[in-house]
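Take a look at the structure set out below.
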Amino acid sequence: MKLSQRVVRTIRRHALLARGGRALVAVSGGPDSVALVHLLLELQTDGELTVAGLAHFNHQLRGPAADEDEAFCRAMASTLGLPIEVVRADVRVAARDARRSIEDVARELRYGFFEQAADRFAADAIAVGHSLDDQAETFLLRLVRGSGARGLAGILPRAGRVIRPLIDISRADLRQYAADRALAFRTDVSNDDLSIPRNRVRHELIPYLEREFSPGISRVLAREAATAREDENRLQHEAIDFTRSIVLRTTGGKIEVDASALRSLHPALAARVARHALSMLAPGRFIGFEHVARLLQFADAVEGETVDLPGQRAVRRDGVIVLGPPAPRRGGSGLENSFRVPLSIPGEVTLDNQGWAVSAERVDSLGPAGPGPARAAEVVVAADPLTLPLAIRSRRRGDRFRPLGLGHRKKLQDFLVDRKIPKEIRDSLPLVVDGQDRIVWVVGESVAEDFRVTEPSRGVIFLKARRLGGLG
């Protein structure tokens with residue numbers, strides 16, 4: 001079967017686009033997106049769909065290489081006679097200003113642009129180039145980070161207007177397609193950077209699994225993701241039905257959960273109903289596995305008992321769980337949300353309850369950009385003054401450190417107040433500390449002056465933080 005026919009099969013199986021529909025194609029210049037354009041143009045010739053145009057987002061993260069990618073995409077559009085829209089955005093600055101990870105901000109800006117471009121092109125769908133191998137990598141990443149069934153469902157074939165016609169096609173088949181047609185494409189050297197977890201999965205873990213366990217492991221993992229997705233969809237539909245009768249919003253803006261009915265549900269359904277209830281009062285807040293488990297345990301609580309949950313407090317009253325605004329916080333002991341987890345080098349720690357992931361990696365070079373800003377999701381610190389091992393912990397009463405550029409030590413509490421960090425998130429803000437419990441990095445806010453990089457040749461540690469989303 002021709003590759004284009006397999007793409008049609010995927011489109012029809014997942015109802016990605018009606019016959020004759022208009023698709024905007026997101027292009028990076030890489031081999032997968034280039035192959036996607038040409039495959040969809042084949043389907044246009046067959047009358048299956050219309051390629052409305054191309055869209056390219058320049059993240060400005062890779063210097064001249066990013067500009068060359070943009071020029072390549074413009075030239076490809078011109079050669080193919082297709083209109084193209086291009087947007088440039090300094091994602092690094094946007095992420096620093098928003099105090100969020102570069103990956104999260106890049107994704108938000110990129111897909112926001114694609115949606116706007118699709119409107120201007122009157123497109124029914126936005127086609128992106130995720131392949132079967134991307135699906136397998138995502139499954140493994142979420143598996144090792146502890147995702148539930150929702151996370152293991154992986155990359156959805158369709159999410160709103162975004163469609164993935166190549167999700168059943170292997171990367172090798174796409175490379176062969178490009179080679180057979182002598183298609184030019186760009187290569188992103190950052191895909192070989194093993195400090196990035198996805199790249200380690202791609203270049204180390206999957207080859208090991210192929211060699212030692214199954215030559216077709218990527219296809220097996222993609223099938224597992226599809227199975228998890230089908231199971232999750234079914235359970236979600238059932239959970240929504242139960243939620244309508246178990247979870248009620250009161251006139252006072254609070255949520256009431258029928259404790260007895262919640263206890264009677266199968267655990268898989270009860271967890272989903274509990275998650276939905278928690279999300280109603282705290283939209284956009286990270287709801288982790290432990291938060292859901294705490295609410296489920298609270299269904300057996302005694303009358304008048306309370307428990308704090310993300311953005312809300314639960315009170316047991318007259319056979320129901322009442323979810324309402326959190327109680328006012330007094331002081332800042334940090335004891336209610338205390339944590340301490342070792343951080344290896346290289347390594348990554350996922351803090352499900354706090355909604356963060358923090359990683360550390362030794363690097364040989366800072367590159368032309370230098371150390372970068374201290375108030376960012378990615379920083380570098382000097383390795384030489386560190387006492388290993390590193391750890392990630394919550395703040396404690398009496399914490400002090402010397403913020404970057406400041407000539408004296410300062411109370412962490414005063415620093416957080418000066419930075420206008422909301423009281424309700426101060427206890428969940430991770431601190432990277434060394435073996436002497438000295439604060440190395442207040443994540444996203446400041447590196448300690450004691451660990452400023454002055455001589456990169458003596459060793460540098462790259463620290464990176466990202467906010468978790470979805471299921472923990």
(request) For LEU49, list long-range residues whose amide hydrogen, built 1.01 Å from N in the peptide plane, is under 5 Å from its own amide hydrogen. (result) GLY20, GLN44
(request) Mind putting together the pair-distance distribution for the stretch 1-97? All Cα pairs, 10 Å bins, whole percent per bin, short to long. (result) 15, 42, 27, 14, 2
(message) Whole-Hz ³J(HN,Hα) for each residue in the stretch 438-449, computed from phi via Karplus 6.51 cos²θ - 1.76 cosθ + 1.60 with θ = phi - 60°, x for glycine and proline: what do you get?
(response) 7, 5, 9, 8, 8, 3, x, 10, 6, 7, 6, 4
(request) For the stretch 198-213, take each phi angle, set θ = phi - 60°, evaluate the Karplus expression 6.51 cos²θ - 1.76 cosθ + 1.60, and give the result in whole Hz per residue in order, putting x for glycine and proline. (result) 4, 5, 5, 4, 5, 9, 10, 5, 5, x, 5, 5, 5, 6, 9, 10
(request) Starting from the Cα-Cα distance between ARG6 and ALA122, subtract it from 0.36 nm times their residue separation and give me the gain in nm to one decimal. (result) 39.2 nm
(request) Would you mind working out the accessible area per residue for the chain, using a 1.4 Å probe, and quoting it in Å²? (result) 48 Å²
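Around SER101, what is the net charge, scoring Lys/Arg as +1 and Asp/Glu as -1 over all other residues with Cβ under 12 Å from its Cβ? Don't jump to the answer; show the numbers that get you there.
Working: positive: ARG92, ARG96, ARG99, ARG100, ARG107, LYS464, ARG466, ARG467; negative: GLU103, ASP104, GLU108, GLU378.
Cβ neighbours under 12 Å give a net charge of +4.
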(request) Just the number, please: Stokes-Einstein D of the stretch 70-204 in µm²/s, Kirkwood Rh from C-alpha pairs, 20 °C, 1.002 mPa s. (result) 124 µm²/s
(request) Taking P(r) over Cα pairs in 20 Å bins from 0, in percent as the quantity of interest, determine which of (i) 23, 52, 24, 0; (ii) 21, 50, 28, 1; (iii) 26, 57, 16, 0 was computed from the displayed structure. (result) (ii)
(request) Would you be so kind as to identify which of LEU343, THR79, ILE246 lies farthest towards the positive end of the dipole of the chain, taking Lys and Arg as +1 and Asp and Glu as -1 on Cβ and the Cα centre as origin? (result) ILE246
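Placing unit charges on C-beta atoms (Lys and Arg positive, Asp and Glu negative, everything else neutral), compute the dipole magnitude of the stretch 72-129 about its Cα centre in debye, rounded to 20.
Charge dipole, the stretch 72-129, about its Cα centre: 280 debye, nearest 20.
Let's see if you can work this out: charge +1 on each Lys and Arg Cβ, -1 on each Asp and Glu Cβ, no other charges. What is the dipole magnitude of the chain about its Cα centre, in debye to the nearest 20? Show your work: numbers first, answer last.
Values: 70 positive and 61 negative charges, 214 e Å.
With Lys and Arg at +1 and Asp and Glu at -1, about 1020 debye.
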(request) Please list, in chain and number order, the residues 5+ apart from ALA301 or on another chain whose amide H is under 5 Å from its amide H, with Hs placed from the backbone. (result) none
(request) Calculate the length of the line joining the C-alpha centroid of the stretch 275-324 to that of the stretch 173-210, in whole Å. (result) 44 Å
(request) Just the number, please: carbon plus sulfur as a percent of the accessible area of the chain, 1.4 Å probe, no ligands or DNA/RNA counted. (result) 50 percent
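Taking Cα pairs under 8 Å and at least six residues apart, what relative contact order does the chain come out at, in percent? Intermediate values should be presented prior to the final figure.
Numbers: 838 pairs, mean separation 63.4, N = 472.
Relative contact order here is 13 percent.
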(request) Could you go through the stretch 76-85 in sequence order and give the Karplus-derived ³J(HN,Hα) for each residue, using 6.51 cos²θ - 1.76 cosθ + 1.60 with θ = phi - 60°, rounded to whole Hz, and x for Gly and Pro? (result) 4, 4, 5, 4, 7, x, 10, x, 9, 10
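The values are calculated or read from the model by the stated rules, or taken from the named source; none is laboratory data. As the structure is a computational prediction, the values presented were derived from the model and not from experiment. Cβ atoms come from the backbone with ideal geometry, glycine included; neighbour counts cover every protein chain shown. In case anyone asks, the SASA skips ligands and DNA or RNA and just uses the protein heavy atoms, side chains included. Shrake-Rupley method; radii C 1.70, N 1.55, O 1.52, S 1.80 Å.
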